[in-house]
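Below you'll find the structure, written out as structure tokens, and then a few comments.
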Amino acid sequence: MKRLVVFVYGLACYAAFFATYLYAVGFLENFGVTKSIDSGPQVPLWQALLVDSALLALFAVQHSVMARPWFKKAWTQIVPTEAERSTYVLFSSAALAFLFWQWQPIGGTLWDMMGTMGQYLMWGGFAMGNVIILASTFLINHFDLFGLRQVWLYLRGREYTHLPFATPFFYKYVRHPLYVGWLLVFWCTPVMTAAHLLFAMMTTACILMAIRWEERDLITVHGENYTRYQKSVPMLIPTAKAPEPRMTAAAR
């Protein structure tokens, strides 16, 4: 019975992630959602900046701290090890949902490309970013990344085994294609408002900090293998020629 409960819990956490991801697409591009990054009543500028910065900081702390090995070691004293990844996904989705709910728009526009060729270029970059994100997750095993493989193996009574590292496709050119995709999603918009700019700047800063922490953990786990991978494959900006396959940064 416990195995079935953990499996259903994992499915529910994944469903929460998928719903949040779809909402994020509409939130950033101002379509198809009840509240977007630029919608809602405006409050004084100082208040909007304070609230939005706090919301982004909350998500950054949750997303990074819960991914650290020392936290996972303590956290699995409370939640089953098999459900740890699913719980991480659930908390991340909840933090994002809270951000969408409480986000405050800010007046002002940095650029407006609507009605020009730039509009379609920006939409193309946004779409490309989403494709890179989803493709990258499947390249490194989408179901393991979001906790489904863990709860499925537990349901079947099989021991979880860590996936071997590889360098499929994108990972031959950059160590963090997932983050490349997110950067395209955050910055590619035909209308860059002050609120969107704040969101893009703070999430970019969070990504750069997260990469540093993640790679520190990966070096601790994989040692010289990952150090060689760092030296041969760029972090975010791809090279013209794919390097020799090494190891992929598949950790969160």
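The values are calculated or read from the model by the stated rules, or taken from the named source; none is laboratory data. Please read all numbers here as calculations on a predicted model, not as lab measurements. When we count neighbours, we look across all protein chains shown, and the Cβ atoms used for this are built from the backbone with ideal geometry, even at glycine.
Some notes on this structure:
- If you go through the stretch 9-35 and keep only what is surrounded by 19 or more Cβ atoms within 10 Å (Cβ to Cβ) and charged (D, E, K, R), you end up with just Glu29.
- Criterion violated by Arg175 - all others in (1) surrounded by fewer than 18 Cβ atoms within 10 Å (Cβ to Cβ); (2) under 24 Å from Arg85 (Cβ atoms); (3) not small (Gly, Ala, Ser) satisfied: (1)
- Those residues of the stretch 89-125 which are surrounded by 15 or more Cβ atoms within 10 Å (Cβ to Cβ), of a type in the set (S, T, N, Q) and in a helix (DSSP H, G or I), in sequence order: Ser92, Ser93, Gln119
- Any hit, the stretch 139-150, residues being loosely packed, with under 15 Cβ neighbours inside 10 Å, more than 18 Å from Leu56 (Cβ to Cβ) and either of a type in the set (Lys, Arg) or at pLDDT below 90 (or both): no
- Helices (runs of 4 or more DSSP H) contained entirely in the stretch 126-187, each with at least 2 residues that are within 30 Å of Ile37 (Cα to Cα): 142-145, 177-187
- Selection from the stretch 20-51 of residues that are within 18 Å of the chain's Cα centre (by Cα) and either touching a residue at least 24 places away in the same chain (Cβ under 8 Å) or in a loop (DSSP other than H, G, I, E, B) (or both): Thr20, Tyr23, Ala24, Val25, Phe27, Leu28, Glu29, Ile37
- Selection of the stretch 52-84 for residues being over 30 Å from Gln150 (Cα atoms), surrounded by fewer than 16 Cβ atoms within 10 Å (Cβ to Cβ) and touching a residue at least 12 places away in the same chain (Cβ under 8 Å) yields only Ser53.
- Any hit, the stretch 151-168, residues being crowded, with 17+ Cβ neighbours inside 10 Å and charged (D, E, K, R): no
- Flag if Phe71 is in a helix (DSSP H, G or I), of a type outside the set (S, T, N, Q), over 16 Å from the mean Cα position of the chain (by Cα) and more than 21 Å from Leu11 (Cα to Cα): yes
- Of the numbered criteria (1) assigned to a helix (DSSP H, G or I); (2) at pLDDT 90 or above; (3) touching a helix residue (DSSP H, G or I) at 6+ places or on another chain (Cβ under 6 Å), the one Leu236 fails is (1).
Residues are listed down the side, and each one gets a yes or a no for (1) under 28 Å from Phe31 (Cβ atoms); (2) in contact (Cβ under 8 Å) with a residue 40 or more places away in the chain:
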{"position": "Ser86", "(1), (2)": "no, yes"}
{"position": "Thr109", "(1), (2)": "yes, yes"}
{"position": "Met117", "(1), (2)": "yes, no"}
{"position": "Leu145", "(1), (2)": "yes, yes"}
{"position": "Leu155", "(1), (2)": "no, yes"}
{"position": "Phe165", "(1), (2)": "no, yes"}
{"position": "Tyr171", "(1), (2)": "no, yes"}
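- Complete set of residues in the stretch 1-33 that are in contact with a Ser or Thr (Cβ under 9 Å, 6 or more places away or on another chain), under 27 Å from Glu82 (Cβ atoms) and of a type outside the set (Phe, Trp, Tyr): Val6, Gly10, Leu11, Ala12, Cys13, Ala16, Ala19, Thr20
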